[in-house]
Structures are given as C-alpha cells and as structure tokens.
1. Taking region 61-82 as the search range and keeping residues that are small (Gly, Ala, Ser) and over 15 Å from the mean Cα position of the chain (by Cα), which one is nearest to Ala13 (Cα to Cα)?
2. Quick check: is even one residue across region 70-82 at pLDDT below 90 and in a helix (DSSP H, G or I)?
3. Step by step: first the residues of region 24-43, then only those that are of a type in the set (A, V, I, L, M, F, W, C) and surrounded by fewer than 15 Cβ atoms within 10 Å (Cβ to Cβ), then the one that is nearest to Gln54 (Cα to Cα). Which residue is that?
4. From the set of residues in region 69-97 that are in contact (Cβ under 8 Å) with a residue 60 or more places away in the chain and touching a strand residue (DSSP E or B) at 6+ places or on another chain (Cβ under 6 Å), which is surrounded by the fewest Cβ atoms within 10 Å (Cβ to Cβ)?
Amino acid sequence: MSATFAITGRIAAAGRALAGVSLTDFAEAAGLAPDILQSIERGGSAWVHPSERQEAVRRAFDFFGIVVIGEVDGMGAGVRLKHTRQDVRQIARLEGEGGITGADDAP
C-alpha cells in the first residue's frame, strides 16, 4: 500500500468487507473506537481526517493483509487481499497457537 495514498470512508469499508472482518475487530486492530470507525466508513468518498485516523486504518489494513490499489489508467481506487482467504485463516490459526511472539509474526 502506498504511504501517500489518501484513504476514504469507502476504501476503509471496502477493505474491511473484503477481508470479512467485523467492525469491532477492525476497530481494535486500528486502535480506534468502533463508533469512530463507523463514522469514517459513513463518510463515503470524503478523505479520512485527521491523519492519525488514516494511519490507524492503514495499521488495520496491514494487520489483515489488505492492499490499497490507487487510481490508475482511468480506473478508480480499490482494495485487494495480500493473501488468499485460505492463507489468512492458516496464518490466524498459527498465530493463535500461543508461545513466544517474535518479529516473524505474520499479519
């Protein structure tokens, strides 16, 4: 995901929906209150402000393996998954096994 790409409410909602993540789980990963995330998503095509909220949404995107695709070749912005859904389930299962966490933890 581009560090300079501005996030809109629609991109945030699309990413969360694509990953199949609940509002509460996504908000927790972002470090936001669920009502703030809901407000962001309701913002539609408006840019997410302030920048701290944009960074929070980016953290959740990174955590859930969501990649933002910027506008290119006359097409609008969108989202896609970094991993297949099966990979995400496997990673979550492995991460949930316990033990000492390390720098090699995958999102």
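1. Filtering region 61-82 down to residues small (Gly, Ala, Ser) leaves 65, 70, 74, 76-78.
From what is left, the residues that are over 15 Å from the mean Cα position of the chain (by Cα) are 74, 76.
Details: Gly74: 22, Gly76: 15 Å.
Filtering first and then ranking leaves Gly76.
2. Scanning region 70-82, I find no residue that is at pLDDT below 90 and in a helix (DSSP H, G or I), so the answer is no.
3. Ile36
4. So the first thing to find is which residues in region 69-97 are in contact (Cβ under 8 Å) with a residue 60 or more places away in the chain, and the list is 70, 77-81, 85, 88.
Subsequent filtering for residues that are touching a strand residue (DSSP E or B) at 6+ places or on another chain (Cβ under 6 Å) retains 78-80.
Values: Gly78: 15, Val79: 20, Arg80: 12.
Per the criteria, the residue is Arg80.
Table: residues versus (1) of a type outside the set (Gly, Ala, Ser); (2) in a helix (DSSP H, G or I); (3) over 16 Å from Ala77 (Cα atoms).
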{"position": "Ala14", "(1), (2), (3)": "no, yes, no"}
{"position": "Leu18", "(1), (2), (3)": "yes, yes, no"}
{"position": "Leu32", "(1), (2), (3)": "yes, no, yes"}
{"position": "Ile36", "(1), (2), (3)": "yes, yes, yes"}
{"position": "Gly44", "(1), (2), (3)": "no, no, no"}
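The values are calculated or read from the model by the stated rules, or taken from the named source; none is laboratory data. Being a predicted model, the structure only gives us computed values, none of them experimental. Ideal geometry is used to build each Cβ from the backbone, glycine not excepted, and the neighbour counts take in all protein chains shown.
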